[in-house]
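Some notes on the structure that comes next.
Derivation of every value follows stated rules applied to the coordinates shown; laboratory data play no part. This is a predicted model, so every value here is computed, not measured. So basically every Cβ, Gly included, is an ideal-geometry build from the backbone, and we count neighbours across all protein chains shown.
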């Protein structure tokens, strides 16, 4: 049995982890922390959660577990990771702190110096389907952002195989849990219900450099990225509608075949039959990513759906844990 | 033209007032204040609002208007009202500060001494349909709470005519704007969507003494009140389902007739035909109250629906203003 | 391994059964039928469903399974059950056909003669917590309605122990999946979103005689029942707020104790701590029933929440199957 | 006073027309028809509607009004229009029947021959802001589709001034009322709530040729159009996010200026300040279109929001009526 701890269990990703672990046959949750609600029972925070006493980080026996999941705010994560890694415990970080490999890019986008730059070289980017080898035995995993997960799983085969030219336009639509559990006007029910809002569109959202970084791994001449997130009046779910211009010769059928080949062995990636588009309903409450392929004239339209809290966060984190410890990759996730 | 000011324009009742005033032929909105956003344009706060610069209370020319609407938090309201009333300006207070006529009851439920007890005797309870005479020319109006408005309009004819015995059970269901615009976990979209929560049920909600007080006006032996509010995943709307035990002899048809007679001349009260129940859809975005009457065995079930922000707050406030200044009562409200 | 079939798999209860069975360690789903979509893959109907070819009832190998779940419309269910029971296969009927033991009551409420009255004596009412003995080995189970499940689990200890007098008032609130999957104006998104509607209130809903029948089992002088369902703009969930008048001497604390004793050994019934009320969030996506107890003056207010599709339908059906075949009762449900 | 009739008043556009006409100072609604519900009161159909008896088309005194609004299904509209135009009555058609000027294109997309091709030359395309001159005194107006209204108002200045090259990519998001009031699984609350679905993406939606036709009016070399509608879990609202590649030299500031100049005199078009994006909240329940301008590298991103039932249908129809009869254009719409 893997012994696990969660730092920051009262946000949406923390809770989702607790829930998923309940059904994982190989994991014992040893502790879960909360800054604001230590001493409380998790059940008090979420009525449907299992009974579990929340403790403070200070009280957490960090070295008595095999792996710790960090569901902490950016920056807090990196310094905590550093402390934990001095013991022999593995870290899966759900914040953005170790996703960008270049500390200058980090500083530019997060507006403070990286708290633990020496660890950047070691962190494995946990987009599981593409980094399994590096994940086995890894000490530090940077769990990808929700938007990058949806975008990269969809675009990778097209980019890697160089089937398009020109910019990548990602029009993404996320449910509200993607904005976190901290109350704000932006997530107030009355402001969200019946509304739909684009935000940080163009080239200003912090997930943009994370997606661009992956472009450089898969293409020698990475395309321009335009990324437009929208907030949707739904609790969870994430859909990216992606537009690129195909090189001559590619058809809906041949792109479909390329994708089916690429993801043939992937249990969590569902390349949809021709003519079908991905929706939240394909994937919500699952660790799957559904990818639809549509070609109109020479434009390839990819629709890529995930559950932002599962494949976009806590599910993928568990999937990465499974790979690190060489467990069955689907354990706790099917 | 009536010159009006609004103190606290960036909450839901304040905004609704601004919106309604735009369509009122006899009112000029002279100023609107906001503590947190003075200096901003109201349009920045609510994209669909009219362009209007928000000022601080200190900047507001309180004595250059005919009437001021207070959309301030409890307690702040009462002391502000006191200051304003030293001039010749009328006050319509949308807070709870002047609803309870007994300062001891106020202190018991609001847990601090009433800030302006001397004004309690003068304040007119603005349930317009029942206090028109007192409202004409009134200096200070206590605009009723949303739950009391829905409950009292429904129960008054039955209570006044003494057609039932035993307790009054009010099972009320409110949209989320009733909880105010201040962000909190309770109003977070992800917590509310797909959920339904009773809260403060029994005899602990602050609207209970307000309803009970009105019982004493209409009955010499006021009934026990049980009041159970529920939070509904809808932005606006309020429905009270009310249960009382009829005295022998009353039937659905005779109760219906009683109600139709009682409200025959009321343009904003719609007594529904026998067999029809009230829903949010009957009243949302209007100043109306729809009342349905159902009798099963000897139990009378009243369904009473209002828009919590309009008849339950800002619409009734304007209706009261119309009465105070002897304007057409429906102006700005149809 | 239990071999199971589902007749009528493309409604909400059918689908929920399919989903739950995927996680049940002791069940193999052998077939699933659909009138309107036979030949299609279930995945086509619900993108998140497992891949499973739908067949017509005629094609279904009814006698090659151990148990068949009927998710058919009323009346169709009873005659199909009769056919199946001529073989050795067990039937769990999710329709209302076998819930009422008196064929005259059935005819009065369903407006046609019962199609298989001889089976009424044999059918076990599958409110699992109260009929375990009868369920072991049963050939025919009448799975309770969603409203009766929520109401009866809440009221049984109070009724059985005779702690109240006078009528039982049930103000119930259901998510839209309770209205079924057949499209109608009543379930159109635009009609439901932002609305809240009482319907069939008083003594006219078909679940009323089902609840009243159970009253006769647990009380020698069954109380009058008033039952008011409301449609809530949420996909799933069911909450009953129940009002009764306590006999002298009972307090919140003593009622709480009574309930905790009554349900002490029940894994799916959660009697909430004093002061806590039940919400959809306590139970959605689970087979649990959460019961809150509030006493105000001499009025007992019970709040009772279930997931209408799970404990209110398909989950309880599986729970009953577990009891019939003497499997672990929680299998597939935790 | 203009005397008006509505054919097909019980769909969402018909109801919205009735509602808007109530506040129009110069219009009398003489009759409203319904196929399925003639004889009923409109109030029965929509609880918040005014009291108005619905009649059948056969009963409607078509020649006793000045203008008839057609809210009929495609094809039924064209033949009815033909009949009406034989009298002296004007027709504003909210269906698609007269939007496409080329009967072959119509036949290709609607899959039957145009029922009244001779009228195609006369019909004025009612995108009010661009066809005022033709609208004055017009006998037959083709009211634009909701998607085309949002798309064309946003793209016209850019297209007319030839500021971009390459394809126009429109990623559009519509509330559910855009799908009509006829019940279907696609609009079932349980299927829509919490979901988000792209549909008819690429070049297959029937609004595509309508948008393309307008391209030919404003550009000598009309661009390729990619059009991807998405269904959003909201009752109303429509947002188009539009991507084009700017010609060298254009900046966010210069594009903004171009748009502000273009729409300077338009009371219903709101070009947002730089840095602001359009949302449903900008426009819902109004006849306005809000347009946001964002430039990232050389990509222009336009966000264009309308209320699909008002500026996207019934509001624009009234606006067109105002122009036809040379009334104040904002009457009934502010």
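Data for the structure
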{"quantity": "Residue exposure sequence - A:241, D:87 - by fewest surrounding Cβ within 10 Å", "calculated": "D:87, A:241"}
{"quantity": "Cα gyration tensor category, rounded, prolate or oblate, for the range C:147-308 with a/c compared to 1.5", "calculated": "prolate"}
{"quantity": "GNM flexibility winner over chain A from A:315, A:166, A:175 (Cα, springs under 10 Å)", "calculated": "A:166"}
{"quantity": "Additional length obtainable on full extension of the chain from residue A:58 to residue A:216, 0.36 nm per residue less Cα span", "calculated": "52.9 nm"}
{"quantity": "Globularity ratio of the range C:106-188, using Cα Rg and 2.2 N^0.38 Å", "calculated": "1.38"}
{"quantity": "In degrees, nearest ten, helix B:146-160 long axis to first principal axis of chain B (Cα)", "calculated": "40 degrees"}
{"quantity": "Tilt relative to chain D, helix D:315-324 - C-alpha long axis, 0 to 90 degrees, to 10", "calculated": "80 degrees"}
{"quantity": "Shortest-first nm distances, residue A:35 label point to equivalent points in other copies (7 Å, Cα→Cβ)", "calculated": "2.5, 5.8, 6.1"}
{"quantity": "Value in Å of the Kirkwood radius, where the range B:87-144 supplies the Cα pairs that are averaged", "calculated": "11.7 Å"}
{"quantity": "Computed helical MRE - 222 nm, the protein assembly as shown, DSSP H runs ≥ 4 contributing -39500 (n - 2.57), nearest 500", "calculated": "-7500 deg cm²/dmol"}
{"quantity": "Of all DSSP beta bridges in the range C:147-308, antiparallel share, percent nearest 5", "calculated": "75 percent"}
{"quantity": "Relative contact order of the range A:147-307, defined on C-alpha pairs under 8 angstrom at six or more residues apart (%)", "calculated": "29 percent"}
{"quantity": "Part-to-part distance (alpha-carbon centres) for the range B:113-143 and the range D:64-135, which is given in Å", "calculated": "58 Å"}
{"quantity": "Simple spin-label estimate for residue B:254 and residue C:30 in nanometres, 7 Å along Cα-Cβ", "calculated": "6.3 nm"}
{"quantity": "Approximate spin-label separation residue A:185-residue A:3, in nm, with each point projected 7 Å along Cα-to-Cβ", "calculated": "4.8 nm"}
{"quantity": "Distance between modelled label sites at residue B:74 and residue D:330, nm, 7 Å Cα→Cβ extension", "calculated": "4.1 nm"}
{"quantity": "Gaussian network model of chain A, Cα within-10 Å springs - most flexible of A:276, A:297, A:133", "calculated": "A:297"}
{"quantity": "Isotropically averaged projected area of the range C:243-318, using the convex hull of Cα atoms (one quarter of hull area), nm²", "calculated": "5.2 nm²"}
{"quantity": "Top of A:172, A:81, A:262 by mean-square fluctuation, Gaussian network on chain A, Cα under 10 Å", "calculated": "A:262"}
{"quantity": "Among beta bridges that DSSP assigns inside the protein assembly as shown, antiparallel share in %, nearest 5", "calculated": "50 percent"}
{"quantity": "Calculated label separations, residue A:88, copies of the chain, 7 Å along the beta-carbon direction, nm", "calculated": "5.8, 8.8, 9.9"}
{"quantity": "Three-way shape label, the range D:34-82, alpha-carbon gyration tensor, a/c 1.5", "calculated": "prolate"}
{"quantity": "Beta bridges per DSSP with both ends in chain D, % antiparallel, nearest 5", "calculated": "50 percent"}
{"quantity": "Kirkwood-type radius of the range D:3-74, with distances r between different C-alpha atoms, in Å", "calculated": "11.9 Å"}
{"quantity": "All-pairs alpha carbon distance profile, chain A, 10 Å steps from 0, percent", "calculated": "6, 26, 35, 24, 8, 1, 0"}
{"quantity": "Burial ordering of C:185, B:100, D:333, fewest other beta-carbon atoms within 10 Å first", "calculated": "C:185, D:333, B:100"}
{"quantity": "For residue C:136, inter-copy label distances in nm, listed shortest first [label point 7 Å out on the Cα-Cβ vector]", "calculated": "5.1, 8.0, 9.1"}
{"quantity": "Folded to 0 to 90 degrees: helix B:252-262 orientation relative to chain B principal axis, Cα", "calculated": "30 degrees"}
{"quantity": "The protein assembly as shown shape via C-alpha gyration tensor axes, a/c threshold 1.5", "calculated": "rounded"}
{"quantity": "Percentage relative contact order, chain A, counting C-alpha pairs under 8 Å, at least six apart", "calculated": "17 percent"}
